[in-house]
Ligand SMILES: NC(=O)c1ccc[n+]([C@@H]2O[C@H](COP(=O)([O-])OP(=O)(O)OC[C@H]3O[C@@H](n4cnc5c(N)ncnc54)[C@H](OP(=O)(O)O)[C@@H]3O)[C@@H](O)[C@H]2O)c1
């Protein structure tokens, strides 16, 4: 008897996409034996490395090696496809779209179009790209709901740390009133290095050398990445309808070593906070550097770690921390959403993991 397959179409095969594929290869047998479905990737779309398409299933290991060692899919790869990304999504016959393309902070595109296309074709969607959540969450969620499809995005804020799932799955009946977080690793790392006495320029260079700050770091430094995360959290947790542009935003570029030293002499630390709040006048969002007492729990969040505190009507304030994330944590956020869909499709709710 032919095995049942759950087909996956990937848009984006960068660090997160390939790390997810490695996790999938590592866990495929367990998934298959628990849920009775073999996960197969039928399409991989990139911007410059080419597109692979085979509805029978691609050779994932080969795709990873070609992307990493040859910088693109080889001309003799039998899956090579010459059409567009939207055509590949359509021809992939996939059950699930993984949207893992580059963030476009000012409009969320073309990821929004990729997701709309997949939902129109009846696919479930998982994304790690916060653009669509920051720019078009309610529209995409409505589309998914109207087609009875799942639209999941745990990795968009704090990687695989359960943020959305924490509220959705473990706080029944609670209404979120406000949140506050340190959610951008580059700025947190730079502020910390400056506290140790390094200049802004040297701290930024160090962050770039370690690979978590972009060559053009302005999206982090000017608070745009944090504003996109704040908008995403407002749209989902506070049920607002904002975009990153509507978030009041101050980055860290104007902060001097003198200011940091003065704060330290007062027993304080400067941190870039993302905040969202529901008030009687509506919903507000802000990203700004704030002086915090050294003993404040948020002051202990160092380097690339992050924290989110959520205030609810019934359960008060709870905090969740992600310590020193790597790409594995992002891959897990995508994998956990994929597993939610697999459980839904197979009707088997138990976890595959052995105790
Ligand atoms: N890395 C993380 O730790 C992390 C954490 C949380 C969320 N995320 C989000 O996850 C997504 C992927 O991150 P990443 O680190 O994997 O990024 P990445 O390494 O830069 O890879 C991005 C991938 O998207 C492809 N791509 C870009 N534009 C495309 C388009 N128009 N059509 C098709 N493919 C396109 C790129 O193609 P080429 O290969 O040809 O360049 C590349 O394969 C981003 O939205 C990011 O913000 C990442």
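The table for this structure:
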item	result
Residues within segment 293-334 that are in a loop (DSSP other than H, G, I, E, B) and either more than 16 Å from the ligand (Cβ to nearest atom) or buried (at least 16 other Cβ atoms within 10 Å of the Cβ) (or both), tallied	11
Lone unmet requirement of (1) at pLDDT 95 or above; (2) surrounded by 15 or more Cβ atoms within 10 Å (Cβ to Cβ); (3) at negative phi; (4) within 16 Å of the ligand (Cβ to nearest atom) for residue 102	(2)
Answer from 96, 85 - the residue that is more than 10 Å from the ligand (Cβ to nearest atom) and in the same structural domain as residue 340 (by TED's automatic domain parsing)	96
Identity of the residue in segment 1-13, within 16 Å of the ligand (Cβ to nearest atom) and part of a loop (DSSP other than H, G, I, E, B), that ends up nearest to residue 70 (Cα to Cα)	13
Selection status of residue 124, within 10 Å of the ligand (Cβ to nearest atom) and assigned by TED's automatic domain parsing to the domain that holds residue 154	no
So residue 283, is it outside any loop (DSSP other than H, G, I, E, B), over 17 Å from residue 223 (Cβ atoms), assigned by TED's automatic domain parsing to the domain that holds residue 216 and touching a residue at least 40 places away in the same chain (Cβ under 8 Å)	yes
Residue ID - nearest to residue 81 (Cα to Cα), chosen from residues in segment 21-52 that are within 9 Å of the ligand (Cβ to nearest atom) and in contact with a strand residue (DSSP E or B) (Cβ under 8 Å, 6 or more places away or on another chain)	51
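The values are calculated or read from the model by the stated rules, or taken from the named source; none is laboratory data. Bear in mind that the values here come from a model prediction, so they are computed numbers and not experimental data. No Cβ is skipped: glycine too gets one built from the backbone with ideal geometry, and neighbour counts run over all protein chains shown.
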